[in-house]
Amino acid sequence: MPSRTLTLNLFLHHVGHHEAAWRHPSTRPGALFSPDYYVDLAQRAEAAKLDAVFFADGPVLHGGVEHNAVGTLEPILTLATIAARTERIGLIATASTTYYEPYNLARLFGTLDHVSGGRAGWNIVTTSSADASANFGLDAHPDPAVRYERAEEFLQAITRLWDSWEADAVVLDREAGRYADPARIHPAAFEGSHLRVGGPLNLARSPQGRPVLVQAGASNAGRDFAARWAEAIFTAHQRIEDAQAFYADVKEGARRHGRNPGPVKILPGISPFIGSTEAEARNLEREFNELTVPEYGLRQLGGQAGVDLSGLELDEPVPVEIFADAGDVTDNSRSRFQVVAGIVQRERPTLRQLLHRLAGARGHRVVVGTPEQVADTITEWFTQGAADGFNVMPPALPAGLEAFTEHVVPILQQRGLFRTEYAGRTLRDHLGLDVPENRYTAARLAAAVPELTHA
């Protein structure tokens, strides 16, 4: 197998990523609040040797609950349950830097890394939903610039907390009565404009040193944040050329920040409708689209792209001029708006067609075809500088996951692009990432090296 291999995560999302999946007879919407449902999906993904399962989340009940199954369990607790019943698969959860504090989130993810044996990952978000503010006693949702300022401080603080115990802090000297060496335990002592954190953490250094850091922002601010901090980046693209531009931009951004861009994983979403023939796959997609509720799709479109098309008839063309201010690739401040604008400009759909186009994966790439065609798309993007792997977003769960793992994964394995067995036990092992250096250990060792003197 070549040194560079695909990263494949299962994106856990309700009963599937198509908005009408809950109405399809292949799904079980009544199981959404059962941990066994998610354990079963994770076990299936682990059997296929996928890198991780990923839980998106937000601290708010999103609108549209009348027409879609949008509630979900809290992800970190759910992943801890999954950890107890799996052995290798990575466990990535979303948590907000706007609505958590560094200390409690450091404990939560540190604990998940301990109980899973080093399989935790954190998808860092700043939360875009303005409705979340009322759930935390705030008068208003902070604007994007403030949210990213806080996120920057949050990462500085939380990484200090994860480093606060050096790897050899616990000495366990029973004879001398010494459990730990206080000289190896350090306060975070962080103070910024938005956050103050004392520390140290009341939890020893975890197996991975810290969870894998994941980020999903595509705006200019999000890209720069990812280039500084992220070890894996989730993104959404419709066309390979757009994905290639994003890939090159983020890798170069990592280089500008003094990082090695090679290990940074760029992972677009892909939502495959899979059939034994292309016609069968297209019929499956049509079957799901016919179950959509336009009212729900319009609400989603308004929330994601910030555009109101409710005054249009469903079978009228979507006016191109509505998207005239979408901007170009140099202005990514409204990234999801740009995705929708690109579809409208290229395809000139009716409103119904646009809603169907977005129903499958909220702007992520939907591929409809045979297992070979899906594998060909993955291979092309992977080998042509557009992706290091994918977040797999089955339209329906578990059926779409079964189709992908049973029919697409073997093709990728035959091509030498994906593992047939796990080589390690941690998420960092799967992704080819090193354990981060502990800042305090590094400083102590550097201070212990005598300075070179010159005659």
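The values are calculated or read from the model by the stated rules, or taken from the named source; none is laboratory data. Keep in mind it's a predicted model, so treat the numbers as computed, not measured. No Cβ is skipped: glycine too gets one built from the backbone with ideal geometry, and neighbour counts run over all protein chains shown.
Numerical summary
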{"item": "Contacts under 9 angstrom Cβ, first residue in the stretch 235-264 being within 14 Å of ARG223 (Cβ to Cβ), partner of a type in the set (Asp, Glu) and crowded, with 19+ Cβ neighbours inside 10 Å, 6 or more apart", "result": "TYR247/ASP388; VAL264/GLU231; VAL264/ASP388"}
{"item": "Any hit, the stretch 388-406, residues being surrounded by 20 or more Cβ atoms within 10 Å (Cβ to Cβ), farther than 26 Å from LYS251 by Cα and at pLDDT below 95", "result": "no"}
{"item": "Some residue of the stretch 188-204 being touching a strand residue (DSSP E or B) at 6+ places or on another chain (Cβ under 7 Å), surrounded by fewer than 16 Cβ atoms within 10 Å (Cβ to Cβ) and not charged (D, E, K, R)", "result": "yes"}
{"item": "Of all residues making up the stretch 1-16, the number that are under 23 Å from GLU295 (Cα atoms) and at pLDDT below 95", "result": "2"}
{"item": "Which numbered condition GLY385 misses (of (1) in contact with a helix residue (DSSP H, G or I) (Cβ under 7 Å, 6 or more places away or on another chain); (2) part of a loop (DSSP other than H, G, I, E, B); (3) farther than 23 Å from ILE233 by Cβ)", "result": "(3)"}
{"item": "Residue match in the stretch 65-83 (condition: charged (D, E, K, R), surrounded by 18 or more Cβ atoms within 10 Å (Cβ to Cβ), touching an Asp or Glu at 6+ places or on another chain (Cβ under 8 Å) and at pLDDT 95 or above)", "result": "no"}
{"item": "Residues located in the stretch 110-121, provided they are under 19 Å from PRO436 (Cβ atoms) and either out of contact with any Ser or Thr (no Cβ under 8 Å at 6 or more places or on another chain) or hydroxyl-bearing (Ser, Thr, Tyr) (or both)", "result": "THR111, LEU112, SER116, GLY121"}
{"item": "Test: residue in the stretch 216-224 that is on the phi > 0 side of the Ramachandran plot, part of a loop (DSSP other than H, G, I, E, B), surrounded by 18 or more Cβ atoms within 10 Å (Cβ to Cβ) and in contact (Cβ under 8 Å) with a residue 12 or more places away in the chain", "result": "no"}
{"item": "Considering residues of the stretch 438-455 that are part of a loop (DSSP other than H, G, I, E, B) and surrounded by fewer than 12 Cβ atoms within 10 Å (Cβ to Cβ) only, the residue modelled with the lowest pLDDT", "result": "ALA455"}
{"item": "Selected residue [surrounded by fewer than 18 Cβ atoms within 10 Å (Cβ to Cβ), at pLDDT below 95 and of a type outside the set (Gly, Ala, Ser)] from ASP139, ASP173, ASP181, ASP168", "result": "ASP139"}
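Conditions (1) assigned to a helix (DSSP H, G or I); (2) among the basic types (Lys, Arg); (3) more than 11 Å from ALA396 (Cα to Cα), marked per residue:
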residue	(1), (2), (3)
VAL15	no, no, no
GLU19	no, no, no
TRP22	yes, no, no
ASP36	yes, no, yes
LEU41	yes, no, yes
ARG44	yes, yes, yes
LYS49	no, yes, yes
